[in-house]
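Here's the structure we're looking at; comments come further down.
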Amino acid sequence: MDILKQLADTFLDWEAMGEVIPKMFAVGLPNTLVLAVISGIIGTLLGMALALMGISRNAAARWIARIYTDVLRGLPPVLTILVIGFGFGPIIRELTGSTSPYPMAIAALTLMSGAYIGEIFRSGIQSVDKGQLEASRALGFGYGASMRLVVVPQGIRRVLPALVNQFIALIKESSLVFLLGLLATEREIFQIGKDAAATSGNLSPYVAAAIFYLVLTIPLTHFVNYIDHRLRTGKPEKKEPDELAAPIGKGAQA
């Protein structure tokens, strides 16, 4: 019982959690979503460009896309964030006059997500049957129009679950940007929990942060499963209304 009480005091100190949750909700949650959404949107555009370069007829474009993807996917996320934040941060601050590391955090997450999203798009596009491209060319579409109007939309549809999974990963990876020393108004969920845990000497703020992350990621995980199921099975067919049964009785027979 003493062990259980010790664990409860360490991880379930409701007073410590109650003190940190309002700040997580007011500051940490919006910053976490901003980091994930902005880097996700820009990373998607970057990923699509990398995917098109990766399947391009131009050998130089294919090599550039492959080297970028291999390097960014091969490095640990924490190393990428540190290299970009502390390597390019001083240069950006000198050019813009801004002391905030927030843009560098978004840049690091964007560059990492772009590499993964590029591979997702490339695999989706290449999974489309070549006959689709040939059929569109036979109808008079050029190569670019065929890819843009026929092949790429089908490829994107096939990888929607993987794209949502990547957004979930971005939400979790945003917890690493605390290494850049964000300002008090820029801190995300994990940083706020970390600061509160260091101040109180209790791990309950980490549990509060974990709850916030679970509230964000679990619904998205089920959404991924739903999309995947719909893509595999298609829309459920609407059942036709049953025909009216013939009246039973003396007047039923002709």
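The values are calculated or read from the model by the stated rules, or taken from the named source; none is laboratory data. Because the structure is predicted, anything quoted here is derived from the model rather than measured. Glycine also receives a Cβ, built like all others from the backbone with ideal geometry; neighbour counts cover every protein chain displayed. In case anyone asks, the SASA skips ligands and DNA or RNA and just uses the protein heavy atoms, side chains included. Shrake-Rupley method; radii C 1.70, N 1.55, O 1.52, S 1.80 Å.
List of remarks:
- Region 27-57, subset farther than 19 Å from L180 by Cβ and open to solvent by 70 Å² or more (accessible area, probe 1.4 Å), residue modelled with the lowest pLDDT: R57
- Counting the residues of region 65-85 that are over 22 Å from K172 (Cβ atoms) and open to solvent by 70 Å² or more (accessible area, probe 1.4 Å) gives 3.
- Here the helices (runs of 4 or more DSSP H) wholly within region 140-246 that include at least 3 residues being at pLDDT 85 or above and closer than 22 Å to Y102 by Cβ are 160-173, 189-200, 204-233.
- Among (1) surrounded by fewer than 19 Cβ atoms within 10 Å (Cβ to Cβ); (2) at pLDDT 90 or above; (3) aliphatic (A, V, I, L, M) - the single one A8 does not satisfy: (2)
- Region 162-176 residues that are among the basic types (K, R), paired with ones that are modelled with pLDDT of 90 or more (beta carbon under 8 Å, 6 or more apart): K172/Y213; K172/T217
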